[in-house]
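Undergrad: Structure below; questions to follow.
Quick note: the coordinates plus some simple rules give every number you see, no bench work behind them. For clarity, every value in this text was computed on a predicted model and none was experimentally measured. Virtual Cβ from ideal backbone geometry, glycine too; neighbours counted across all protein chains shown.
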Amino acid sequence: MAKDRIISVIDIGSSSTVLLVASCVGSRIEPVNEVYAITRLFDGLEQSSVLSENSISFTLRALDEMKRISAAENAEDIVVTVASGIKKAENKSEFLVRCHNELSIFPQVLSTKDEEKYSYFGVVQELAWDGPIFVVDVGGSSSRIAYGSRNLMVGAHTIPVGAFTLDENFKLSKGAWIHNWIQAKSHIRKILFSCIDEINSWVAGRKILVVASGGTATSYARLIISNETPYDRKQINSTTSFLKQISAMSRQISRIPLDKRRRMLQILDPARAQTLPAGLLIFSSILDFFNLDEFRISANGLRYGVLANYIKQ
């Protein structure tokens, strides 16, 4: 009989750091605890090519707390990954050394291919669907599109636009939304043209299950369920929506002043109040661009793929 093991995975992303503590029996993964923090490690990285001291310190504090939570949950191993975008930082080694020296953790810097693979298989492994699958994960500084089946990822693209960077570049949370909105959507569409032929040829004539994963997707799920509903992964995983609904929600949220939006999302997810309109715009633009409509939401993602790979090895 397989032994029950408690394992933690910490995913350090461009804008958030996420902890998954799970009970693992064989290949089965049962979440025990999930925690996330908006840490914005890559804040200002595109302009300065360095991680700021403030972002590093804030991320280290979040990692320290997540390490404590892992210990309290009796995790026997902690697997830590950091987004591939950190390679752009001139002081990436400083951050990694401080993780080692101050916290005794050793983050694995993922490649873009790693991120695509782990994000895809983290979502599809638990789907009760044997047909074609199209997965979209909107991140902070980039977004991923991957497609295939439960057992095979046929193709994947990482596009250089994320909720944080889109909001930063087009000021979608500042109130003057119409002009900025049009420009931002045009920017997304220009980027998507780089993969239009490949994806359209795969999509054509297929009955596809479209899945949205990542923080933007789960925040959206909780918003349409109820903005006072506690985080319930089973409820999130059973949530479906449509292009028209997410497009309307994206416009509606963007028109609300940021301070009021934070109050409205206080129970839901106040830390995502600023970037949620941008994240929803990216996802709705991808659906619209590839003529996709209905989709479901997954609370799984990269950290589940990392954990599945870890226990397999």
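Undergrad: What residue among 75, 299, 221 shows peak mean-square fluctuation when the chain is described by a Gaussian network model with Cα springs under 10 Å?
TA: Looking only at 75, 299, 221, the biggest GNM fluctuation is shown by 75.
Undergrad: I need the per residue convex hull volume for the chain, using only the alpha carbons, in cubic angstrom as a whole number.
TA: Dividing the Cα hull volume of the chain by its residue count gives 129 Å³.
Undergrad: Mind checking the full-extension length gain between residue 310 and residue 65? Use 0.36 nm per residue of separation minus the Cα-Cα distance, one decimal, nm.
TA: 86.0 nm
Undergrad: With both bridge residues required to lie in the chain, what share of the DSSP beta bridges run antiparallel, to the nearest 5%?
TA: Of all bridge pairs located within the chain, approximately 70 percent are antiparallel.
Undergrad: Within a 10 angstrom radius of the beta carbon, how do 154, 161, 80 rank from fewest other beta carbons to most?
TA: Placing the least packed residue first, the sequence is 154, 80, 161.
Undergrad: How high is the relative contact order of the chain, given as a whole-number percent (alpha carbon pairs under 8 Å, six or more residues apart)?
TA: Contact order relative to length: 19 percent.
Undergrad: Find how much the distance from residue 98 to residue 187 grows on full extension, using 0.36 nm per residue of separation minus their present alpha carbon separation; answer in nm with one decimal.
TA: Length difference between fully extended and current span is 28.4 nm.
Undergrad: Using the alpha-carbon centroid of each, what span in Å lies between region 93-142 and region 177-205?
TA: Spelled out, the Cα-based centre of one part sits 24 Å from the other.
Undergrad: Want the number for residue 149 to residue 50: 0.36 nm per residue separation, take away the alpha-carbon distance, what's left?
TA: Working it through step by step, the gained length comes to 31.8 nm.
Undergrad: Next question. Determine the calculated [θ] at 222 nm for the chain from helices alone, applying -39500 (n - 2.57) to every DSSP H run no shorter than 4 residues and normalising by the residue count; nearest 500 deg cm²/dmol.
TA: -13500 deg cm²/dmol
Undergrad: Please identify, among 278, 37, 128, the residue showing maximal mean-square fluctuation in a Gaussian network model of the chain using a 10 angstrom Cα cutoff.
TA: Result: 128 has the largest fluctuation of those listed.
Undergrad: Please build a GNM for the chain, connecting alpha carbons under 10 Å apart, and tell me which residue among 159, 225, 199 fluctuates the most.
TA: 225
Undergrad: Mind scanning 117/207; 67/260; 67/92; 88/260 and naming the pairs with a C-alpha gap bigger than 28 Å?
TA: 67/260; 88/260
Undergrad: If you don't mind, another one. Which value in nm describes the separation of the simple spin-label points at residue 234 and residue 263, placed 7 Å from the Cα toward the beta carbon?
TA: Placing both labels 7 Å beyond Cα along the Cβ direction yields 3.6 nm.
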